[in-house]
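Visitor: Got a structure for you, questions after.
Here, each number is a calculation from the coordinates, and none is a lab measurement. Owing to the predicted nature of the structure, the values given are computational and were not obtained by experimental measurement. Because the Cβ atoms are built from the backbone with ideal geometry, glycine has one as well, and the counts that use them run over all protein chains shown.
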Amino acid sequence: MYSPVLSIYIAETVSADQRGSLGCVPALLHAGGVLAGYTLGSLLAWPQLSWVCAAPGLLLVVTMLLIVESPAHLARLGDIKNAVES
């Protein structure tokens, strides 16, 4: 769920000189999460592992509520003042 949204948000809000390095962050987070899941799977029983694996998703949902709208979206809505501020 997060990967396309995060990639679009990065493309719309980050300056061009930082866009490339930040654009690979979603892929690195995904690969790191898979690696952590396999590693923890060898150490924990599946009920504990399911709670540990649910935590980043819950954290994502909470933090998505705090993210401001992108300037392109605000401009499409006609809210130019907030688009410039964002």
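Visitor: Just need the relative contact order of the chain here, percent rounded to a whole number, with Cα pairs under 8 Å and 6+ apart.
Guide: On the way: 34 pairs, mean separation 21.2, N = 86.
So the answer I get is 25 percent.
Visitor: Please name which of 80, 42, 15 has its Cα lying farthest along the dipole of the chain towards the positive end, using unit charges on Cβ (Lys, Arg +1; Asp, Glu -1) and the Cα centre as origin.
Guide: Looking along the dipole axis, the top candidate is 42.
Visitor: Relative to the Cα centre, what is the charge dipole magnitude of the chain, using +1 at the beta carbon of each Lys and Arg, -1 at the beta carbon of each Asp and Glu, and rounding to the nearest 20 debye? Let's see the in-between values first.
Guide: On the way: 3 positive and 5 negative charges, 30 e Å.
The dipole of the chain has a size of about 140 debye.
Visitor: In a shell of Cβ-Cβ distance under 12 Å around residue 13, excluding residue 13 itself, what net charge do Lys and Arg (+1) and Asp and Glu (-1) give?
Guide: Values: positive: 19; negative: 12, 69.
Counting the neighbours of residue 13, the net charge comes to -1.
Visitor: Could you work out the local net charge near residue 69, counting Lys and Arg as +1, Asp and Glu as -1, over the other residues with Cβ closer than 12 Å to its Cβ?
Guide: Values: positive: 76; negative: 12, 79, 85.
Residues close to residue 69 contribute a combined charge of -2.
Visitor: Still on this structure: What label, among (i) 49; (ii) 40; (iii) 43, belongs to percent of Cα pairs over 22 Å apart computed from the structure on display?
Guide: Only one listed value fits the structure, namely (iii).
Visitor: In nm, what is the difference between 0.36 nm times the number of residues separating residue 28 and residue 75 and their Cα-Cα distance? Intermediate results must be reported in sequence, preceding the final value.
Guide: Values: separation 47, 0.36 × 47 = 16.92 nm, distance 3.09 nm.
Result: 13.8 nm gained on full extension.
Visitor: Report the local net charge at residue 79: Lys and Arg +1, Asp and Glu -1, summed over other residues whose C-beta lies under 13 Å from its C-beta. It would help to have the intermediate numbers written out before the result.
Guide: Working: positive: 76, 81; negative: 69, 85.
Net local charge, residue 79 excluded: 0.
Visitor: A further question on this structure: What is the spin-label model distance, in nm, from residue 19 to residue 65 if the labels are put 7 Å beyond Cα along the C-beta direction?
Guide: 3.2
Visitor: Please list, in order along region 24-38, the HN-Hα scalar couplings obtained from phi with the Karplus expression 6.51 cos²θ - 1.76 cosθ + 1.60 (θ = phi - 60°), rounded to whole Hz, x for Gly and Pro.
Guide: 8, 4, x, 5, 5, 5, 5, 5, x, x, 5, 4, 5, x, 5
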